[in-house]
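Below you'll find the structure, written out as structure tokens, and then a few comments.
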Amino acid sequence: MQRCSRLSISSNLWVALNISSVSPKRIAPRLSGQGKRVLFPAGAIIYREGEASAGMFVLFSGHVHLLKLGPQGQQSIVAEIEPVIMFNEVTVLDGGANLTTAIAVQECVTWNISHANFQALVQGYPMIGLGLLRVLSARTRNLMAQYEDLSFRSVLARTAKLLLDFAYAARVRFNARNTRTRIWRRASPPFPKR
């Protein structure tokens, strides 16, 4: 397993943990020694649900599915992870078992830190713990919104809300693409008329 460059680790962790109170260069030497860069080929199991803590991962590149396994072996995708984001962070806080199974959908480059190393890092740099709390707070709010939808909205209302959310996301992407097209048209000479 290869070590990441100090600045690469800290810059990506700043994005994943939403830390802005200190320069990444200030703690880069400490970060590089606490975790390791791990490469996973497509289809690899990164960790399994119920096994001892695999630590926290930060995904630098690739695509990961987090799965829950049912009693008869059925799989449910809980989340699709894309860079740059952390996952399995609960295990570095409590040292407990992995809550999900993580599978590399594409070849992945990750950074992994164990429970013990994360605890030592947070003791030396409390702003990392505060950054993690902000991320966990946002995820808890999202989870509560999903719970509210499942508990209080009919299937029809949930479907309508999901379609509206998809339409809004597509509109945002379309507007960005449409803006580029308008800029291109302004910069291009007009087509001759026939």
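Taken together, the values in this text are just the output of simple stated rules run on the coordinates, not laboratory data. If you're wondering where the values come from, they're calculated on a predicted model, not measured in any experiment. Neighbour counts run over all protein chains shown; Cβ positions are idealised from the backbone, glycine included.
Numerical summary
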item	result
Tally, over the range 86-97, of residues that are crowded, with 16+ Cβ neighbours inside 10 Å and either touching a helix residue (DSSP H, G or I) at 6+ places or on another chain (Cβ under 6 Å) or β-branched (Val, Ile, Thr) (or both)	4
Conditions (1) touching a residue at least 12 places away in the same chain (Cβ under 8 Å); (2) assigned to a helix (DSSP H, G or I): number failed by residue 170	(1)
Residue in the range 115-122 that is surrounded by 11 or more Cβ atoms within 10 Å (Cβ to Cβ), among the aliphatic types (A, V, I, L, M) and closer than 21 Å to residue 77 by Cα present	no
Residues (farther than 23 Å from residue 118 by Cβ, assigned to a strand (DSSP E or B) and touching a Ser or Thr at 6+ places or on another chain (Cβ under 9 Å)) located in the range 60-95	65, 67, 68, 69, 75
